[in-house]
Amino acid sequence: MWWGVAAALLANVLYSAGFVLQKRALGALPGLDVRRPVRAVRLLLGSLPWLGGSLALAGGFAAQLVVYRTLPMAVAQALFISGLVLLLLLSSRALGERTSGRERLAMAAVVAALLMVVFSLDRGGEVVGADSPAPLILLLSGVSIYAGVRVYTAADRRSGSRARPTSGVPYGVAVGLVYGVSSLAIKGVSGRLDLRDLPGTAAAILTSPYPYLLLVTGAIGLVLSQTALQRCRASLVVPVCTTTSCLYTATLGTLAFGESLPDDPLRLALRVVGAVLAVAVLLALPSTETAAPEQAAPEQEVSHEPH
């Protein structure tokens, strides 16, 4: 179980570094537009610094597989939220993005939530789910992806009618819903991994909906997340995205994969309070974009293109 905690912290480091590297690379690219996805992907794949950030994210994905094989969904998501602290620190140092008082409050809440969730772990009593009914996963995924795309396009339309940069919060929520589905798919793949039977593992994975959900959410999430990162601060978009994805996976994933909460009242209280503090992270984040004018330029360039 503690290997899972270590893997979650490693995933946080890799994900935070990857997002920061991608954000730096996006500053040198022309404005991306979700209405032109092929052009956006071509620009991204032609940037070596952006590809370097993608490799770091791929390493975080591999670590996430280990996490889901050893920890319940709710515990894993609370640990992943701890990566917000590192992300805010890196974005401040590497990108020059200033953190507000509410964002520093979010850091403190995340640290407290992380400690509570770690202390709530029970080596013998935790149930780690391995599978979920395919119809249930497909229903949750379809509704969530549709909702994420609708939220994003609505925010995109509002941004085109404003002189000031739009808030990164709706973008982060939209991408978080899409990546929440990715987390469910990663969980499903991890439950089918068996290194002692690679042919059987390949057959079990390919006959499940999980790899295809990863392809769909990967393609949609790629265009949405990179456009959002180019328009808004990483220190705003990524925390909102991460918190939304984690809360989505911790609640719906726990139910879908049949995982239980701790039986011990004290451990249960720590788990619940830790989850509440994680929600406080999202509420403490600013709802308006405060990026410097040069950071907002890509958004203005894109938002004035004809529909």
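Observations, loosely collected:
- Residues of the range 62-95 that are under 14 Å from Ser190 (Cβ atoms) and either of a type in the set (Asp, Glu) or outside any helix (DSSP H, G or I) (or both): Leu71, Pro72.
- Residue in the range 206-216 that is surrounded by 22 or more Cβ atoms within 10 Å (Cβ to Cβ) and aliphatic (A, V, I, L, M) present: yes
- Of all residue pairs spaced 6 or more apart or on separate chains, none has beta-carbon atoms under 6 Å together with a first member in the range 48-60 that is free of Cβ contacts under 8 Å to residues at least 24 places away in the same chain and a second member that is among the β-branched types (Val, Ile, Thr).
- Listed by first and then second residue, the pairs linking a residue in the range 29-42 that is under 17 Å from Ile220 (Cβ atoms) to a residue that is in a loop (DSSP other than H, G, I, E, B), with Cβ atoms under 7 Å apart and 6 or more places separating them unless they lie on different chains, are Asp33/Glu305; Ala40/Leu32; Ala40/Asp33.
- On inspection, Val34 does not qualify as of a type in the set (A, V, I, L, M, F, W, C), modelled with pLDDT of 85 or more and on the phi < 0 side of the Ramachandran plot.
- Being part of a helix (DSSP H, G or I), of a type in the set (Gly, Ala, Ser), modelled with pLDDT of 70 or more and over 24 Å from Gly148 (Cβ atoms) is true of Ala269.
- Residue tally, condition buried (at least 22 other Cβ atoms within 10 Å of the Cβ) and either outside any helix (DSSP H, G or I) or β-branched (Val, Ile, Thr) (or both), over the range 24-61: 1
- Meets criteria (in a helix (DSSP H, G or I) and surrounded by 18 or more Cβ atoms within 10 Å (Cβ to Cβ)) for Ala219: no
- Residue check for Val66: farther than 29 Å from Leu29 by Cα, out of contact with any Phe, Trp or Tyr (no Cβ under 9 Å at 6 or more places or on another chain), in contact (Cβ under 8 Å) with a residue 12 or more places away in the chain and of a type in the set (A, V, I, L, M, F, W, C): no
- Test for Leu21: is it outside any helix (DSSP H, G or I) and farther than 30 Å from Gly191 by Cα: no
- Any chance Ala228 is buried (at least 24 other Cβ atoms within 10 Å of the Cβ) and in a helix (DSSP H, G or I): yes
- Within the range 157-178, the set of residues being surrounded by 24 or more Cβ atoms within 10 Å (Cβ to Cβ) and either under 13 Å from the mean Cα position of the chain (by Cα) or modelled with pLDDT of 80 or more (or both) comprises Tyr171, Gly172, Ala174, Val175, Gly176, Leu177, Val178.
The values are calculated or read from the model by the stated rules, or taken from the named source; none is laboratory data. What you are looking at is a predicted structure, and each value in this text was computed from that prediction instead of being measured. Backbone-built Cβ (ideal geometry, glycine too); neighbour counts: all protein chains shown.
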